[in-house]
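Worksheet: one structure, shown below.
Read-outs throughout are calculated quantities, based only on the coordinates presented, and are distinct from any laboratory measurement. What you see is a predicted model; the values in this text were computed from it and never measured. So basically every Cβ, Gly included, is an ideal-geometry build from the backbone, and we count neighbours across all protein chains shown.
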Amino acid sequence: MRRKAPASLTQSELAALSPLLRSYLAASQLKQLYRQGWLRRGISPAQGESVADHTYGVALLVLLLVDAYYPELDRAKALQLALLHDLGEVYAGDLTPADGVPAGAKHDRERASLVRVLGELDQGEEYIALWEEYERGDTAEARLVREVDRLEMGLQAFVYERRGEADLSEFYASVEEALTLPELVRLFHEIAHLKELK
């Protein structure tokens, strides 16, 4: 996995800290982990977003979308899901379909990583259960966050294409296929329309 920089603390240094600081500093490694799919499509490391960049985008979109279109949803829960959804990548890495890892194995790796990051916290089991809820997509909040995860990827693809980084048409197609919520489809079509005008 390509990273912007190595971890700033060794495992022994982390072990000397409180569980809260250990969890935070481990999670903050996502600031250094590139979204691998972009690099594979020719996005330069200088322009490549980190997993943490993506997580921030998802969380912000979730906040805006819940308030604008889905006030019946539990906003706090949706934000928790958004903030937790990529934490399994801290130690598992940003696995993409190109890595050829079966879905079950990917889930197991990410869950083991999540347990390593959050397992010692008093609310660790609660956070892990929320991540599992996101993975299953069995609540309205989880389904929204799963679709926003895809929408955010489409918006980032648009940004990269506008800057002349690469042709990312395949990403648009995968986003189009993944979105079912009418409001998200409409927002994505706004961006897709701008892409066509270029």
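Across the range 71-82, coupling constants 3J(HN,Hα) worked out from phi with the 6.51/-1.76/1.60 Karplus curve, θ = phi - 60°, read x, 6, 7, 7, 4, 4, 5, 4, 5, 4, 4, 4 Hz, and Gly and Pro carry x. Each of Gly48, Ala78, Leu155 was placed along the dipole of the range 18-197 (beta-carbon charges, centred on the mean Cα), and the one lying farthest toward the positive end is Gly48. Using Cβ point charges alone (K and R +1, D and E -1), the dipole size of the range 152-198 about the Cα centre works out to roughly 200 debye. Could you list, in their original order, any pairs among Lys77/Lys195; Lys77/Lys106; Lys106/Lys195 whose Cα atoms are separated by more than 26 Å? Distance filter (> 26 Å) returns Lys77/Lys195; Lys106/Lys195. In order along the range 54-68, phi translates into HN-Hα couplings of 5, 4, 4, x, 4, 4, 5, 4, 4, 4, 5, 6, 4, 5, 7 Hz, rounded to whole numbers, per the Karplus curve 6.51 cos²θ - 1.76 cosθ + 1.60 with θ = phi - 60° and x for Gly and Pro. Out of these labelled values of mean projected area of the Cα convex hull in nm², (1) 10.3; (2) 12.7; (3) 11.4, which was calculated from the coordinates shown here? The calculated read-out lines up with (3). Here the range 18-197 is treated with +1 on each Lys and Arg Cβ and -1 on each Asp and Glu Cβ, and its dipole about the Cα centre works out to around 460 debye.
Roughly how compact is the range 29-108, stated as its Cα Rg over 2.2 N^0.38 Å to two decimals?
Numbers: Rg = 14.5 Å, N = 80, 2.2 N^0.38 = 11.6 Å.
Compactness ratio reported: 1.24.
Taking amide H positions as modeled 1.01 Å from N, with prolines and chain starts lacking one, the residues under 5 Å from Leu33 and 5 or more places away or on another chain are Lys4, Val51, Ala52. Between the helical axis of 182-197 and the longest alpha-carbon principal axis of the chain there is an angle of about 60 degrees.
Shown in residue order for the range 96-110 are the 3J(HN,Hα) couplings computed by the Karplus curve 6.51 cos²θ - 1.76 cosθ + 1.60 at θ = phi - 60°: 10, x, 5, 6, x, 8, x, 3, x, 5, 4, 4, 4, 4, 5 Hz (x for Gly and Pro).
The residue list Ala112, Gly37, Tyr24 was ranked by how far each Cα lies along the charge dipole of the chain toward its positive end, using unit charges on Cβ atoms, and Gly37 comes out on top.
Which residue, chosen from Leu95, Gly137, Leu181, occupies the Cα position most advanced towards the positive end of the dipole of the chain, where the dipole is computed from +1 (Lys, Arg) and -1 (Asp, Glu) charges on Cβ about the Cα centre? Of the listed residues, the answer is Leu95.
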